[in-house]
Amino acid sequence: MGFTLFYLSLIVLIPLAMLPIRTASMGWERFWVTVTDPRVVASYRVTLISSLIAAVVNAVFGLLTAWVLVRYSFPGRKIVDALIDLPFALPTAVAGITLTTLYAPNGWLGAPLYAIGIPVAFTPTGITIALIFIGLPFVIRTLQPVIEDLDREVEEAATSLGAARWSVIRHVVLPYMYPAWLTGFALAFARAIGEYGSVVFISGNMPMRTEVSSLLIITKLEQYDYTGATAVAVVMLLVSFVLLLAINSLQGWSSRRLGR
Amino acid sequence: MTRPHLTEPRSVRWVLTALVLTFLGLFLGVPLAAVFREALVNGIGPYFAAMQEPDAIAALKLTATAAVCAVPANLLFGLCAGWAVAKFHFRGKQVLTTLIDLPFAVSPVISGLVFVLLFGRQGAFGPWLSEHDVRIIFAVPGIVLATIFVSFPFVAREIIPLMEVTGTEEEEAARVLGAGGLRTFIAVTLPNIKWGVVYGVILCTARAIGEFGAVSVVSGHIRGETNTLPLQVEILYNEYNFQAAFAVASMLTCLALVTLVLKVVAERRVQQEITPAEFARRKANGH
């Protein structure tokens, strides 16, 4: 018990406490000027919009994928299921250089897309692609156990009462999955906001256009602007905390709903 | 298999499966193939040559060092935290588990930043450290610390739910029969959670080896000294030495694939571990 708290404080709490301490030393006015600088605000916008789009794409395809993996059978299903975790296991830098090479104007996927007028690498679209990759497992992995737990008898009852398949899905199956679905979405969104490794290569890092907030922190650090870096970090951290709180209350809601 | 009226029409199933496989193929399969294709683009000779570069070997050694420090430390913590949370009642338990998950909620870049704020030249301990000629940031200790931080929650968060499910009855029985605390832990608790521990260690190791953002902030990118494998990939790539970058990347990709296989094996064992215990618990609750 004592060791648990000691180690937790040493490795996590004391280092993280440096953020508010450092911020307090800079004064409110300087903090505000730093975090509302146009270049910083542009980075929030790029980060939040790409993360949101990526999380939505992952929510839609994650729901379909989880459903197909649990309910349907096809050859190689187990291998596909194991591969879902690849984005967690693969170092982000590897993902970053691979996606950049693929979507570059002369890459396997970049060349055809470029030909029809959709440049991907070094644009916000590229950032979104990288964030889709990195957040892919979250929705699938939160939904799979819920679909497995789904009571077949309820579906059966609805069907025998004359409900069509689509309306069983819409009125019986989907409402049951909403909490887990939202949790998965929030997890993917939170991860995308802080992501660095997979984004830094494909984004091109143009200030105001394709510079994400985590990269801006690194840029400021490289200029020895520790205080500025800390201020941006505090803003990002606040956003993640709000999301973390939302996830926790969602989980509470979902466990109450499922009566566990 | 499912009864026909309880699933979608065959055509819908077919379209959905095809759609999902296309999506996964584009986002997982194609990148996976691309890593190996780019690594082997100049044939097998340059591929192995790139991996035998002194800088690549130095990076491999540093990555191994960081993992060897971080994994046992976090394993020990995970066991203690699991023990504390699952077997004792105290106030603020929820707060403790939330705090343990904290490093997951923090961007890797911020994880690195906090150590720079602590030990960097302008950091809290910076002046004292430079007076005593101790380097943490832009040196190996900083990399080890950042690695410990980002891989911190993995073991604990796998063990805590497992220990909660197995309950305390068996430990109490062992105590009544006269076993000491440590003996109870080794003979009773550990066998119950063995595969959960293995599972956590696998995830922790994978993260420790692959971490990029946090390590990148504290490393200083000194070739042959403070570069881990992922940082070496970045440097080679930024020098337009794509083939070598992908050769090193392919090594990390193989490790990731091995992780996935081990994970599936451990996951299955965890389910076997949890099922009898869960069964007993449900029975006790009158289900």
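Residues of A:58-68, mean number of Cβ from any other protein chain within 10 Å of their own Cβ, rounded to a whole number?
On the way: counts 1, 0, 1, 6, 2, 0, 5, 7, 1, 5, 8.
What the average comes to for A:58-68 is 3.
Across all Cα pairs in chain A, the calculated P(r) in 10 Å bins from zero up to the longest distance comes to 7, 23, 29, 23, 13, 4, 1 percent per bin. With the highest mean first, a sort of the peptides A:179-189, B:157-167, B:19-29 on other beta-carbon atoms found within 10 angstrom per residue produces A:179-189, B:157-167, B:19-29. Centre-to-centre separation between the Cα atoms of region B:2-75 and those of region A:27-99: 16 Å. Taking the Kirkwood radius as Rh and the Cα radius of gyration as Rg, the protein assembly as shown has a ratio of Rg/Rh equal to 0.97. Rounded to the nearest 20 debye, the dipole size of region B:1-158 about its Cα centre is 700 debye, using +1 on the Cβ of Lys and Arg and -1 on the Cβ of Asp and Glu. When +1 charges are put on Lys and Arg Cβ atoms and -1 charges on Asp and Glu Cβ atoms, the dipole computed for the protein assembly as shown relative to its Cα centre reaches about 1060 debye.
Binning the alpha carbon pair distances of region B:45-119 at 5 angstrom intervals from zero yields the distribution 3, 11, 11, 15, 17, 13, 11, 7, 5, 3, 2, 1, 0, expressed in whole percent. Farthest toward the positive end of the dipole of region A:134-239, out of A:Pro145, A:Val234, A:Tyr178, is the Cα of A:Val234, where the dipole comes from beta carbon charges about the Cα centre.
On the principal axes of its alpha carbon atoms, chain B extends 67, 65, 30 Å, with the longest extent given first.
Placing B:Asp133, A:Asp85 in order of accessible area, with the largest value first and a 1.4 Å probe, yields B:Asp133, A:Asp85. Considering every alpha-carbon pair of region B:129-194, the percent of pairs per 5 Å bin, from zero through the bin containing the longest distance, is 3, 14, 17, 13, 10, 9, 9, 9, 8, 6, 3, 0. Here the dipole of region B:155-198 is about 180 debye; that uses its Cα centre as origin and unit charges on the Cβ of Lys and Arg (positive) and Asp and Glu (negative). Based on the Cβ-Cβ distance of A:Phe74 and B:Val95, what FRET efficiency does E = 1/(1 + (r/R0)^6) give at R0 = 45 Å, to the nearest 0.05? The computed FRET efficiency comes out at 0.50. Placing a pseudo-label 7 Å from each Cα along the Cα-to-Cβ vector at A:Asp81 and B:Asn241 gives an inter-label distance of 4.3 nm.
Taking only the C-alpha atoms of region B:1-143, Rg followed by Dmax gives 24.8, 77 Å.
Protein heavy-atom surface of chain B, 1.4 angstrom probe: 64% of the accessible area is carbon and sulfur, with nucleic acids and ligands not counted. One Cα centroid belongs to region A:209-238, the other to region A:146-189; the line between them spans 42 Å.
If you look at the Cα atoms of region A:133-241, you get an Rg and a Dmax of 21.3, 69 Å. Take the Cα of B:Glu172, step 7 Å toward its Cβ, do the same at A:Met26, and the gap between the two points is 5.4 nm.
Peptide B:205-214: average number of partner chain Cβ atoms within 10 Å per residue?
Numbers: counts 0, 5, 3, 0, 2, 9, 4, 10, 13, 2.
Across B:205-214, the average partner-chain Cβ count within 10 Å equals 5.
Stokes-Einstein diffusion for region A:28-153, with the hydrodynamic radius set to the Kirkwood value over Cα pairs and evaluated at 20 °C in a medium of 1.002 mPa s, equals 126 µm²/s. Peptide A:95-108 is shielded by partner chain Cβ atoms: per residue, an average of 5 of them sit within 10 Å of its Cβ. Would you check the accessible area of A:Phe88, probe 1.4 Å, heavy atoms only, in square angstrom rounded to 10? Accessible area of A:Phe88: about 90 Å². With contacts taken as Cα pairs under 8 Å at a separation of at least 6 residues, region A:1-124 carries a relative contact order of 11 percent. Over the C-alpha atoms of region B:4-77, the Rg to Rh ratio, Rh being the Kirkwood estimate, stands at 1.30.
The convex hull defined by the C-alpha atoms of region B:82-171 has an orientation-averaged projected area of 7.7 nm².
Between B:Cys254 and A:Ala17, the simple spin-label model (points 7 angstrom out along Cα→Cβ) gives 4.6 nm.
The values are calculated or read from the model by the stated rules, or taken from the named source; none is laboratory data. The shown structure was predicted, so the numbers you read here are calculated from the model rather than taken from an experiment. Every residue, glycine as well, gets a Cβ built from its backbone with ideal geometry; the counts of neighbours run over all protein chains shown. For accessibility, only protein heavy atoms count, side chains too; no ligands or nucleic acids. Shrake-Rupley method; radii C 1.70, N 1.55, O 1.52, S 1.80 Å.
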